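First comes the structure, then the notes that go with it.
The values are calculated or read from the model by the stated rules, or taken from the named source; none is laboratory data. In this text the structure is predicted, and so the values were computed from the model without any measurement. So basically every Cβ, Gly included, is an ideal-geometry build from the backbone, and we count neighbours across all protein chains shown.
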Amino acid sequence: MKYDEIREYLLKEAKYKIIRFNNEEITKNIELVIEKITKQC
């Protein structure tokens, strides 16, 4: 894999993880959301 391909893959992975949360969940439970993200990484 070239660097650009790896970077694109990582961006897609990150985007998919972020999409799992809706705005309401983030604003009401920001600490839980941060915890979920750090566990996934």
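Here Asp4 meets the list (1) part of a helix (DSSP H, G or I); (2) modelled with pLDDT under 75 almost entirely, failing just condition (2).
Has the stretch 25-32 got at least one residue that is at pLDDT 70 or above, surrounded by 11 or more Cβ atoms within 10 Å (Cβ to Cβ) and outside any helix (DSSP H, G or I)? Yes, there is a match, as at least one residue in the stretch 25-32 is at pLDDT 70 or above, surrounded by 11 or more Cβ atoms within 10 Å (Cβ to Cβ) and outside any helix (DSSP H, G or I).
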